[in-house]
Each structure stands twice: as structure tokens, then as C-alpha cells.
Amino acid sequence: MTEAGKRLLDPAVLARLAGLRLRVRATAEGVLSGLHRSPHHGQSVEFSEHKEYAPGDELRHVDWKAYGKFDKYYVKRFEQETNLRAWLVVDASGSMGYRGSDDRLTKLGYACTLAGTLAHLLVRQQDAAGLAVFSGKVTNALTPRAEPSQVNAILETLEALQAGGETRVEAAVQFLAERARRRSLVMVFSDLLDRDERVLRLVADLRRRRHEVTVFHLLDPAEIDFPFDDPTLFLSMEDTRSVEARGRDVRKGYLELLGSWLDEVRRVCGESDVEYVRVRTDQALDEVLVPFLARRERSAA
């Protein structure tokens, strides 16, 4: 394992994930034989349907039992199992550099650990993993590949990231519209603190482009619980704005606004068929990944 892998991948977490696979709910389009159903037909163990025989069809696929019953030749068609192409889309904007306590990772640090672990899992099961890092624009990109060296490239890119700039989800969506022409699994790791009010519609647009989309919504516990009491200067991490307020005086209003926003995020994701996973950065990584992977196993069954 490379030095980046040693720092981003936890062997104990990988051991807990050893029996789990990342499955897709929809059909996948790939070039290798893998775990996932393909929209293309070919030779495979999973029967799909019959079609009437036509000149040029292989005789070995003729269903003789169907011939005996209907006195017509029918050919078995099969669903080809195929590999998955996945894009790991990481928000490296300034707000992702926040952490409310020195004893936990920044949101970006947690996102990198989460994305790196999923990249390792994808390539281990012979799927193709790619990376797109964005803030105001897409700053780093690796085309999906199913090679072991791809994991090292992703981990090294993630480890070198530093939070900075504004959050602009639109930049990532435009990038994927150009680069992800084939149906893919898109996993977005972001706090969604985008000043563009269309942020949720932009994420939903990825689903409308026929990608299967999961949003890992990363929030620091201090952002969720707002543990501030005394007069505090709150500084924006993406521009020059600042607000000074007594924490106890604004807590109620802040928590009400936060709750409404989180409900809206979950509602829009649900209506858009976007999988939504809220993540607190004080959660153990396996507490996030094991339920996520288990749900996907069930939905793909």
C-alpha cells in the first residue's frame, strides 16, 4: 500500500467491508464482465427473455423445450453482466475545510477518506472508479479505470487536496455532462453550501441524465448542534462575509432554518430518485459505509 493509502485507508474498516459489494440499482454500461446487469445482451448465466429464431442466430441458444411446446423455434437471450463506471465527485471548496473540534477531520478530510475507501472497494470488485474534484470549477479529474494503479492515483490526488474557493456544484454537473456520456454511478461528497439556489436541481439534473446518483451530505457536528453560547465572530470560509452574534441568542433561529433546509434537501433528493446519505464527521467510517452498502445489496437483489 502506498503512503497515501496508509493515511487514507483504515485496514480495520476495509476488513469490515470485505464481505460487501457496491451494487447499482439500475443497469450499467461497461466493457468488462462484472457484477452488474447490462442493457446489452450477450452470453451470461442470467436468462432474460425469448425471441423468435431468425437466420444468423446461434443454434446453441435455441430453446428446444419451447420448440416442443409451440412448434416454433425460439432463441434464449441473456443479460450480460458488466462492470460499473463510477465517478467520485468531491467538493474541495472553502467551507469543506471546517471542523468544529481539533479531534476530528475536516469535512474535506472525511470526504477524502470516504471517497478513497469507495474507490478501493470499486476497483477490488473490478469496477472502474474515476474522480472529479471541484470548488468554483473542476480542478482535478481522473477518467474511470478498473486498474489497481487507479486507486493509488485517486488516493494521492485526494491526499494533496486543500480546501479553498467557493462552492459551485454547477461546475461539477457541467463537467460530468461533457465527460460522463455513458450511464454511470455518480457519488457526490459535499456540504451543499452553494450560494446558487438551484443547487438541488443541479444535483437532480445528474439523475435526469440517467446516472445513478448518491449524495453524501457532510456536516460537522457543530453545524448541526450549534454549541455556541458566548459572543462569537462567525467568518465565511469562502468570501469576506462575517457576523458577530451571541450564540445563545441566535441558536433557536439557526436550528429552525437548518432543520427546514435539511428537510428540503432530503425531500428534493427523494422526489428526484437521488440517494441521500447524511454524514456527521464524528461518525466512524464503517457506521456510514456498512448500512449504505447493505441497502444497495438489498435493492439490487
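What follows is calculated from the coordinates using simple rules that are stated; it is not laboratory data. For clarity, every value in this text was computed on a predicted model and none was experimentally measured. Note that each Cβ is placed from the backbone with ideal geometry, even for glycine, and that neighbours are counted across all protein chains shown.
Listing for the model above:
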| quantity | calculated |
| --- | --- |
| Least to most buried among 138, 213, 274, 90 (fewest other Cβ within 10 Å first) | 138, 274, 213, 90 |
| Label point at residue 243 placed 7 Å out along Cα→Cβ; residues across segment 252-281 whose backbone nitrogen lies under 17 Å | 252-262 |
| Label-point separation in nm, residue 7 to residue 21, each point 7 Å along Cα→Cβ | 3.4 nm |
| Within segment 236-272: backbone nitrogen closer than 16 Å to the residue 222 label point (7 Å, Cα to C-beta) | 236-238, 242-248, 251 |
| Packing-based exposure ordering (other Cβ within 10 Å, fewest first) of 217, 120 | 217, 120 |
| Burial order of peptide ranges 8-19, 193-204 (average beta-carbon count within 10 Å, highest first) | 193-204, 8-19 |
| Residue 177 paired with residue 125, simple spin-label distance in nm, labels 7 Å along Cα-to-beta-carbon | 3.1 nm |
| Which of 112, 269 has the fewest Cβ neighbours within 10 Å, and the rest in rising order | 269, 112 |
